[in-house]
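FYI, it's all coordinate maths here, none of it is from the lab. Only a predicted model underlies this, so the values are computations on that prediction, with no experimental measurement involved. All Cβ positions, glycine included, derive from the backbone under ideal geometry; neighbour counts span all protein chains shown.
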Ligand SMILES: [Zn+2]
């Protein structure tokens, strides 16, 4: 099983269909679960696809269109009913605070666990969460209301071992433990083991970016630099380009071109308009521009972050 993967809970735009629920994904990195958007019905999808509710400590809401957040009050209520005590941090446009406060005041539900909303207001890429294992940034998109994308970059705590050098130097395993963290070791006789002599750079970091909803715009590629797996909306096909422009959405061709320009390893497309019965044409259209791994995502499936 991969230690970095995304489970798609909803891949439809605006209207849920019998096959596709509205936007939501769970990104799993080692033992952490991040929820990305929370369209109506997300908690049912989580049950269906066996996502452990209470393991989610951070939620990222791209924007306040109903198909991306209307499931949130219900999910929080359920967590409460299940006896959650651990806090939740929600990264979202600022107006969400008022919405949730009004709902919980009117319903009389008193949430036992604390939740904080970190308001997203940036006009460039900014770090919103960073620790020793992951760095998460948010950046503005180009939609009808304030909308944000998110980028998740893995961080390595350890360098790779240079096996040949370690063998030749007969390095004590205890010293090796220090060297792989990027620190030199001073021995009792005053000599120094340099970590650079016994280690190799870590493997290329995997970076997952979540990019929905947005019309293409100049500068987006700068926010998405380093991305290795890109989730990008592809609401329409090129023959509905005018409609895409009007509603500030993208086409499958837009997603394919951007992914190719960025040089990502994998492109995941979703947020398909309900007018399409299947996603074959989206794949064909994006394929004209993008030559790496390509998927039109389906609810309930896992996609490895490459
Ligand atoms: Zn939207």
Sticking with the crude label model, points 7 Å out along Cα→Cβ, report the distance from residue 304 to residue 110 in nm, one decimal please. 4.9 nm
To two decimal places, what compactness ratio does segment 184-245 give when its Cα radius of gyration is scaled by 2.2 N^0.38 Å? 2.18
Find the all-direction average of the projected area of the Cα convex hull for segment 160-199, expressing the result in square nanometres with one decimal place. 2.5 nm²
Write down the Å³ per residue value for the convex hull defined by the alpha carbon atoms of segment 59-136. 103 Å³
Given segment 126-177, report the % of alpha carbon pairs whose separation exceeds 12 Å. 73 percent
From the C-alpha coordinates alone, can you work out the Kirkwood hydrodynamic radius of segment 23-67, in Å? 10.8 Å
So, R0 is 41 Å and r is the distance between the beta-carbons of residue 191 and residue 31; what FRET efficiency does that work out to, to 0.05? 0.55
Taking Cα pairs under 8 Å and at least six residues apart, what relative contact order does the chain come out at, in percent? 17 percent
Quick one: plug the Kirkwood hydrodynamic radius of segment 93-224 (C-alpha pairs) into Stokes-Einstein at 25 °C, 0.890 mPa s, and report D in µm²/s. 129 µm²/s
At 0.692 mPa s and 37 °C, plugging the Kirkwood radius over alpha-carbon pairs of segment 219-268 into Stokes-Einstein gives what diffusion coefficient in µm²/s? 294 µm²/s
Listed residues 147, 89, 251; largest mean-square fluctuation, Gaussian network over the chain with Cα springs below 10 Å, found at 89
Paired Rg and Dmax values of the chain, which use every Cα atom, in angstrom: 21.8, 75
Sorted by average packing, counted as other Cβ atoms within 10 angstrom per residue and highest first, what order do 115-124, 188-197 take? 115-124, 188-197
Rounded to whole Å, give me the distance from the Cα center of segment 38-53 to that of segment 55-88. 10 Å
